[in-house]
Amino acid sequence: MQEGDTSGARTVLEKSLAINPQLARTNYFYARALKEDGDYDGAMAHLQTVLAQFPRDRVVRNELGRVLFLQKRYADAVKQFEQTLSIDPEDLQAHYNLMLCYNGLGDDAKANEHKARYLRFKADESAQAITGPYRQTHPEDNNERQAIHEHVSVALATSQQTKQKSKPSAARTSPQGAAPSGKD
């Protein structure tokens, strides 16, 4: 599909659906191929199959909202994008598409609200160009800016080491290791 050969992609995806018509990934990509070919109703049916299995998948909700938008069913599209925002309030695609839907509905106030949110959460592309070469030569710094990342430069304590640290030692419980005298 990335190469633009939707008919070739559809052929392969149809074979996969013949084996198992409930495969979510296959239904998702088949829906995208159908959308590209202008079969919006078919695309919606396959996206609904995916949502039946994964109702909180924001990517699928955005895709379904986009199909509804392309059909000029703006109010229905708004519902899908609002569902996406209930999962991820900072979803860029949802805010952008809500801006377009509200423009289509003639609600300038809500369109501007989502435009402001889209611009707020959108990555600063000029900063990306400036920091890109540095991040390429300093992978550990680039690692820190990722939403999910792993700290590999620090050795993690084993469970045995953690248990030993949490046990109080005799030196900590009585001054200089002496037995308590009972005189206070």
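Readers should treat all values here as calculations from the given coordinates under stated rules, not as data from a laboratory. What you see is a predicted model, and the numbers here were worked out from it, not measured in a lab. Cβ sites come from the backbone with ideal geometry, for glycine too, and all protein chains shown count toward neighbours.
Checking the cross-link pairs LYS72/LYS115; LYS15/LYS79; LYS79/LYS115; LYS35/LYS122; LYS15/LYS35 against a 23 Å limit on the alpha carbon distance flags LYS15/LYS79; LYS35/LYS122 as lying beyond it.
Once the dipole of the range 56-139 is set up with Lys and Arg at +1 and Asp and Glu at -1 on Cβ about the Cα centre, which of GLN128, HIS114, ALA75 lies farthest towards its positive end? Looking along the dipole axis, the top candidate is ALA75. Karplus-derived 3J(HN,Hα) values for the range 37-46, using 6.51 cos²θ - 1.76 cosθ + 1.60 with θ = phi - 60°, are 8, x, 8, 5, 5, x, 4, 4, 4, 6 Hz; glycine and proline are entered as x.
Placing unit charges on the Cβ atoms only, positive for Lys and Arg and negative for Asp and Glu, gives the range 56-139 a dipole magnitude near 100 debye about its Cα centre.
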